[in-house]
Amino acid sequence: MAIAPPQHAAAPSQSPAPAPAAPTAAAPPKKILDIPRFWFPPSTSTAASREQAAAEQAELASIASRHPGGIPQAEFKVVASKVCGFATFFGPLLFEKATGDAAAQTCSLAQATAWWEANCKGKCPATRLFNLLRTPGTECVTRENWKKGLVSMLDTHPGLEFLKSTPEFQDRYLECVVERMFYTNCPGESDGMTLREMRKSNIPDVLLAVDEEPDINVINDYFSYEHFYVLYCKFWELDLDHDFLLDREDLIKLGNYSLTYRIVDRIFEGACRRITSGVPEKLGYLDFIWLLLSEEDKTSDTALRYWFNGVDLDGDGYIRPHEMEYFYKEQIHRMDCLAQEVIQFNDVLCQMSDMVKPKEEGKVSLLDLRRCGQASIFLNVLFNLTKFIQSEQRDPNQIFHERATPELTDWDRYAKVEYARLSMEEEDGDVDGEWDADGGA
């Protein structure tokens, strides 16, 4: 017999537990920003790339058809220019890379096509150049790679024909060109130029401009012989014993003793940049190139990093008031000796803080200097009294000239003036001994 359920449940002895709270609705996911694509990797799939590849392949076949026995090395300047988009003076290097043998007499169409397909087809100019210069299996282009690639330019460029009679100066010029490339595009202390650095640089365009321009001095970036002449002569003027090395007493004479002893000490300590001369307490020619480029144009990223490292005494990534005062004390002494009106450090500190406007009060970062647009004045106040005074007494003619030539850098303007001065001195016979590119007098 079934038992009917009770009509009324018995009252519980305790209050029932509260009903569980209804689950709250989950917060809607934040909307993801729809950022337009801003980088498109090189691809061979676009119509333009396919059309360019077909045209280059046809050009290569046309060149090969004129030489049934194989393309000779002399014809590779056309292959370099018309097929790969290189400057013509890269022809000998391209021939060696395609054949695998610098002593070969000719290159077959199959060899040339294989190299082009592996290293040029569908690739941007910077990647092509990188593949041409680097040693196979490596991930960067070294200074020696650059020298090997550019040596043909020394023998073929009409603007450098006068150097053929002095091979030692050809070598010094080439060293200067390569070092300026690294200075501008590889501000770190790396011994090689990466593909990323090559892509960010203007080197591929400059090389084509050099190939087309008979006057090498028109090309201010890297290749100007006048710029090399200034760099070499300034080094030679300081190197009184002509051992091709500079010590502290040599360098302190730069710019009529414009740099302070304290910043010169930092240079020789390797604080600004690692010294590469291989001789303790000595700067070599290549070290001097970095120094003079940084000294005469403090607006470049490389120069800012160079001098920032020198002033940042504790290496914590900030220039603090006590570090500024350490360098400025010598400036006060110099002003007093020269009977100049002495500006006290506290006044200078306020002015520089207003000028730089650092993100954190009392801590000037490298980024702060880049942003302020007046880093040259900031640095000159600390260790170059001559330029500090010049900035306080701006010449109206200089201001007009700078505004009239915005395409020139501070280094370009300095080199132009110095080259004119040095040329006049040479014409007047005011030369300190005979030059010797190997370092002897």
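Values quoted throughout were computed directly from the atomic coordinates according to the rules given, and no laboratory measurement underlies them. Here the structure is a predicted model, which is why all the values come from computation and not from measurement. Positions of Cβ are generated from backbone atoms using ideal geometry, with glycine treated the same way; all protein chains shown enter the neighbour counts.
Odds and ends about this structure:
- Counted charge near PHE182, where neighbours are those whose Cβ lies closer than 14 Å (Asp, Glu -1; Lys, Arg +1): -2
- Stretch in the chain that is longest and holds no chymotrypsin sites (Phe, Trp or Tyr not before Pro) that DSSP places in a loop and that have at most 14 other beta carbons within 10 Å: 40-441
- Listed values [x] 21.7, 64; [y] 25.1, 86; [z] 31.8, 137, entry calculated as Rg and Dmax of the Cα atoms in Å: [z]
- Build a GNM of the chain with springs between Cα atoms under 10 Å apart, and of PRO36, PRO280, PRO214 the one that fluctuates most is PRO36.
- Separation of alpha-carbon centers, the stretch 98-169 and the stretch 239-288, rounded to whole Å: 34 Å
- In summary, the lysines within cross-link reach of LYS282, defined as a Cα separation below 29 angstrom excluding same-chain residues under 8 places away, comprise LYS147, LYS148, LYS234, LYS253, LYS298, LYS329, LYS387, LYS416.
- Relative contact order of the chain, defined on C-alpha pairs under 8 angstrom at six or more residues apart (%): 11 percent
- Around THR142: net Lys/Arg minus Asp/Glu count, Cβ-Cβ under 14 Å: -3
- Candidate lysines - alpha carbon under 18 Å from LYS200, same-chain residues fewer than 8 apart omitted: LYS123
- Size of the stretch 241-427 from its Cα atoms: along the principal axes, largest to smallest, the extents are 51, 43, 35 Å.
- Kirkwood Rh and Cα Rg combined as Rg/Rh, the stretch 136-223: 0.96
- Only helices enter the 222 nm calculation for the chain: every DSSP H run of n ≥ 4 contributes -39,500 (n - 2.57), and dividing by all residues gives -16000 deg cm²/dmol, rounded to 500.
- Comparing GLY137, GLY159, GLY362 in a Gaussian network model of the chain, where Cα atoms under 10 Å apart are tied by springs, the biggest mean-square fluctuation is seen for GLY137.
- Neighbour-count ranking [beta-carbon atoms within 10 angstrom, fewest first] of GLU144, GLU296, GLU361: GLU361, GLU144, GLU296
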